[in-house]
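Here is the structure we will look at, set down as structure tokens.
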Amino acid sequence: MAPDVESIATKLRQQLAAGLADDGWLRTPGWRAAVEGVPRHEFVRCFYRETDAPGLTTWTPVTAGIVGVEEWLRQAYADETLVTQFDGQEIDWSDPRPIQGAHPTSSSTLPALVVHMLEELQVHDGMSVMEVGTGTGYSAALMCHRLGPERVTSVETDPDVAARARAALGRCGYAPRLIVGDGMAGAPGGAPYDRTIATCGVRHVPCTWVRQTRSGGLVLATLRGWMRSLGLVRLTVDREGCAEGRFIDGDASFMIARQQDAPGNLGVIPAPDDGTPRSTRYGPDTLTTAGSGFMAQLAMPGARFFSMPADDGTPCTYVLDATDASFAVLTPKGDDAWNVRQGGPVALWDMLENALDTWRAADSPMPTEFGVTVTEKSQWAWLGAPDGPSWRLPTTSPSGVRGQPRGAVRTPAR
Ligand SMILES: C[S@@+](CC[C@H](N)C(=O)[O-])C[C@H]1O[C@@H](n2cnc3c(N)ncnc32)[C@H](O)[C@@H]1O
């Protein structure tokens, strides 16, 4: 007898909702009803899951045909990110193969993160929402359930991804306003919105989103850089068209908006005698440890790093900014001491040390002690208060070059 998809899926949805509520993500009846009501499996008929095997990351395809209906449904309702596209290329689902070394470019995000963001969006009945990053359409469907499709606008940059989302939403009986285009421009036709939410990461908050959100409305987005995610910020738009707010607790990370992705090349590796050497008390682990890594991302917004032995075998960590060819090269000097060689227009390691000194002087605060201010002219992250120590967010894109960041340590993208 064929498995009864609807009754299995209904039970799995209830279990997913109960788990998200137990973990504290799902807090309000409206969003709980949405998670219990929206059939996620319609949005992830075919997807890839990361396998745990050591070595190069391997992704395995999952469909009802490959793993069986019941296992497909079980995975579709797992609290996991389900990847639906790599490297901007559609997958040939007539013959799906395991994939290695590819870069996810679209997914149905981890439900815990989706729900966390929706709860933090603080919606009320009758509000309108603009979402940037339709992806599979699952989060748009949750918003349709909660607010009504006529109050939901969603923008997706990839036409193939958008077409799949439109079809899945249609199967569920939802017809929100779906726009294919660069979400950095927002969706002016339906503005002003009460809420704007981005489910792709951004290096800065586009002013268009602030302009298209009504005064008193909220913009919720994940700020990230090319080294790591900074986290989720919630900004309130004021009457002057500026927006301000703090980082929210939690470990939010999204794949970066395609138009803000890093240049494909990491930059030119400096020769062994390039740059000005000095000693430093901060080593490479500064870049990978949570709090100091957050400061590194703020202090060096165009940088990425990787470690590789020099020709003579000396372990080197290269910090390169491909946007202006600045560099810093770290080499061990002895017990917990390092040499740094810097060159190019910006002394990257000086910037990092200054930021870390400020952070340490303030007792190494958590990201929730930081906030962001967005004005038409500039935007910056601040510590403590808008007039406190601050770091400019990069508001220009790298000279039209699009590519995938390679070689740098990265937080997992949802
Ligand atoms: C993590 S997925 C979105 C998850 C989705 N909300 C869901 O629940 O299924 C991020 C999506 O953002 C899209 N994206 C990237 N850059 C974009 C941009 N500039 N404008 C609109 N969408 C963008 C990607 O193509 C991808 O589909």
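The values are calculated or read from the model by the stated rules, or taken from the named source; none is laboratory data. Because the structure is a prediction, the values reported are computed rather than measured. Here the Cβ is made from the backbone with ideal geometry for all residues, glycine too, and neighbour counts use every protein chain on show. For the accessible areas, the whole protein counts, side chains as well, though only heavy atoms, and no ligand, DNA or RNA atoms are used. Shrake-Rupley method; radii C 1.70, N 1.55, O 1.52, S 1.80 Å.
Tabulated results
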| read-out | value |
| --- | --- |
| Measure of compaction for region 249-296 (Cα Rg per 2.2 N^0.38 Å) | 1.63 |
| Which of A9, H116, F86, positive extreme of dipole for region 5-199 (C-beta unit charges) | A9 |
| Residues listed by number, region 276-302, amide nitrogen under 13 Å from K333 label point at 7 Å toward C-beta | 277-284 |
| Residue with peak Gaussian network fluctuation, the chain [Cα springs, cutoff 10 Å], from V67, V44, V329 | V67 |
| Cα-projected label distance for A33 with D251, points at 7 Å along beta-carbon direction, nm | 3.4 |
| Peptide ranges 268-279, 70-81 listed from the most packed, as the mean C-beta count within 10 angstrom indicates | 70-81, 268-279 |
| Choice from S364, S215, S229 with maximal GNM fluctuation in the chain (Cα, 10 Å cutoff) | S364 |
| Local electrostatic count, V346, Cβ distance below 10 Å [Lys/Arg +1, Asp/Glu -1] | -3 |
| Kirkwood-Stokes translational diffusion coefficient of region 5-199, alpha-carbon pairs, 25 °C, 0.890 mPa s, µm²/s | 144 |
| Gain upon complete extension [T395, D357; 0.36 nm per residue less C-alpha separation] | 11.2 nm |
| Euclidean distance of C-alpha centroids, region 349-394 and region 307-324, integer Å | 27 |
| Extension gain, V268 back to A310 (0.36 nm per residue minus Cα-Cα distance, nm) | 13.7 nm |
| Carbon/sulfur fraction of accessible area - the chain, other protein chains in place, 1.4 Å, % | 51 |
| Dipole magnitude of the chain about its Cα centre (Cβ charges: Lys, Arg +1; Asp, Glu -1), debye to nearest 20 | 760 |
| Helix-only [θ]222 nm of the chain, DSSP H runs n ≥ 4, -39500 (n - 2.57) each, per residue, nearest 500 | -7500 deg cm²/dmol |
| Nitroxide proxy distance, nm - points 7 Å out along Cα→Cβ at S364 and H124 | 4.2 |
| Global form of region 349-401, assessed from the alpha-carbon gyration tensor, a/c cut-off 1.5 | oblate |
| Difference of contour (0.36 nm per residue) and Cα-Cα distance, A325 to R211 | 37.6 nm |
| Projected label distance in nm at T289 and D23, using a 7 Å step from Cα toward the beta-carbon | 2.8 |
| Between region 132-147 and region 8-30, the Cα center-to-center distance that results, in Å | 17 |
| Selected from R239, R171, R341 as most flexible by GNM, with the chain as the system and alpha-carbon contacts under 10 Å | R239 |
| Taking region 5-199 and dividing mean pair separation by its residue count, relative contact order in percent (alpha carbons under 8 Å, at least six apart) | 20 |
| Accessible area in square angstrom per residue, the chain, 1.4 angstrom probe | 43 |
| Hydrodynamic radius of the chain per Kirkwood, over alpha carbon pairs, in Å | 22.5 |
| Environment charge of E6, counting only residues whose C-beta is closer than 12 Å and scoring Lys/Arg +1, Asp/Glu -1 | 0 |
| Segments 136-148, 296-308, 99-111 sorted - mean Cβ within 10 Å per residue, highest first | 136-148, 296-308, 99-111 |
| The chain - percent relative contact order, Cα under 8 Å, separation 6 or more | 12 |
| Listed residue (Q260, A33, T199) projecting farthest to the positive dipole end of the chain, Cβ model | A33 |
